[in-house]
1. Work out how much length Q183 to N243 would gain on full extension: take 0.36 nm times their residue separation and subtract the Cα-Cα distance, in nm to one decimal.
2. Return a whole-number percent for the relative contact order of segment 220-369, with Cα pairs under 8 Å and 6 or more residues apart as the contact set.
3. How big is the gap, in Å, between the Cα center of segment 278-303 and the Cα center of segment 167-232?
4. May I ask you to evaluate 6.51 cos²θ - 1.76 cosθ + 1.60, the Karplus curve with θ = phi - 60°, for each residue of segment 269-276 and list the ³J(HN,Hα) values in order in whole Hz, giving x for glycine and proline?
5. Rounded to the nearest 20 Debye, what is the dipole magnitude of segment 15-214 about its Cα centre when Lys and Arg each give +1 and Asp and Glu each give -1 at the C-beta?
6. Return the long-range amide H neighbours of I227 (sequence gap of 5 or more, or a different chain), with a cut-off of under 5 Å between placed amide H atoms.
7. Could you derive backbone 3J(HN,Hα) for segment 62-77 from the dihedral phi with the Karplus parameters 6.51, -1.76 and 1.60 (θ = phi - 60°), listing whole Hz in sequence and x where the residue is Gly or Pro?
8. With an 8 Å Cα cut-off and a minimum separation of 6 or more residues, compute the relative contact order for segment 15-214 in percent.
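All of the numbers you see were taken from the coordinates with simple rules; none came from a lab. Nothing here was measured: the structure is a model prediction, and the numbers come from that model. All Cβ positions, even for glycine, are placed from backbone atoms using ideal geometry, and neighbour counts span all protein chains on display.
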Amino acid sequence: MEPMRYWAPTSNMDAETKRQHLEQMAASGNYLWSQKYDGNWSRAIITKERAALQTRGISKKTGTYGEIQNKVFFWNDVVKAFDNDTIILGEVYLPGGIDKDCGAILRCLDDKALVRQKDIKLEWRIFDILALDGTLHLNTPFEKRIKLIPEVVKRINNPLVIGIEYHEMNESFFDDINDIFAQGGEGAVCAKKDMIYIPGKRGPTAWATCKVKQEISADIDCFITGIEPAIQEYTGKDVAMWNYWEDERTGEKLLGEYYGEYQTGRPIHPISKGYYYEWPGAVYTSVYDKKGNIIPLCKVAGLTEEFKTELRDNYDEWIMCPLTIGGMMVSTAQANSDGIGISIRHPYIKSIRKNDLNPADCTLSKILSD
């Protein structure tokens, strides 16, 4: 069975079109996404007759899919977990490494591949189930297939075998993927909830699956010109375990487990952690135009708690501090002929350049020339 391929935006598709498609997907409520890891695709096929962990590529020696089950330490537990026909898809992944590092191990002879994992062992990150205990799931919607993953991981019971986590693709997707990019991650894989598995195809329709990689991000040099206070309202879903509250009569901020009193009518309400600690929620950034005027660029959220504390306690030391930021794209749709009015979609801080970049070098002309 030939693997199903994931669709990716074509190289001739402009960034604005890519962005619009992703926004439509996020707004539809019809997609799930997971973080993409830089490993090697693999497929476990377990039957009563044989068991194999196959690669995507065809072996020149055998004319069929390569097999790597003797090159990993988790395989015996996988085989022992299932008695009837089972097909599991996963990514063989070297923690902290990249695809070529993982591939270098898997291209070794069996014994040498195991020796090379003396310090760090290859993991298996399960992302789909195509058959389980004799039941074929090719025509089962993706949303239902992935619900089988926790059960499969539990049955295998090996610390090297991990289930990929899926999330609703909604308005927070862009902030989440920016966090992944900021941490050096590869990107994300999105899939339609009702997608069935079609071997050898890129899903049943265009955009049924989509890989989102960092190639649509941009690096921009800018500097801090202000801060935005954190929002007061707690917007999370786990209020029963929340520890940050405010007394509605006195305005006093409370730290601790107050949910029980909240439930019984005490006039308090949950507040955001940032509001409790009086942290900024975001920084405003700017650049210089060709006349030396400061031109507002964008608001950047997703700050670390350490940086938020620094901004709160030592604001004067950070005003005009240079930053390098990334983002999903640079938009010039609202810009005038001089470039004033450009915006960075979903920006995030890549590095703080306090000691190695002069604010005077953060210019609009540099952005427009990239």
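1. Numbers: separation 60, 0.36 × 60 = 21.60 nm, distance 2.75 nm.
My answer for the length gained is 18.9 nm.
2. Working: 288 pairs, mean separation 40.8, N = 150.
Computed over segment 220-369, the figure is 27 percent.
3. 23
4. Those phi angles translate into 9, x, 10, 6, 4, x, 5, 4 Hz.
5. Details: 29 positive and 27 negative charges, 163 e Å.
The calculation lands at about 780 debye.
6. Answer set, sorted by chain and number: Y284.
7. Each residue of segment 62-77 in turn: 9, x, 10, 5, x, 10, 10, 4, 8, 10, 10, 8, 9, 5, 4, 5 Hz.
8. Numbers: 362 pairs, mean separation 52.1, N = 200.
That works out to 26 percent.
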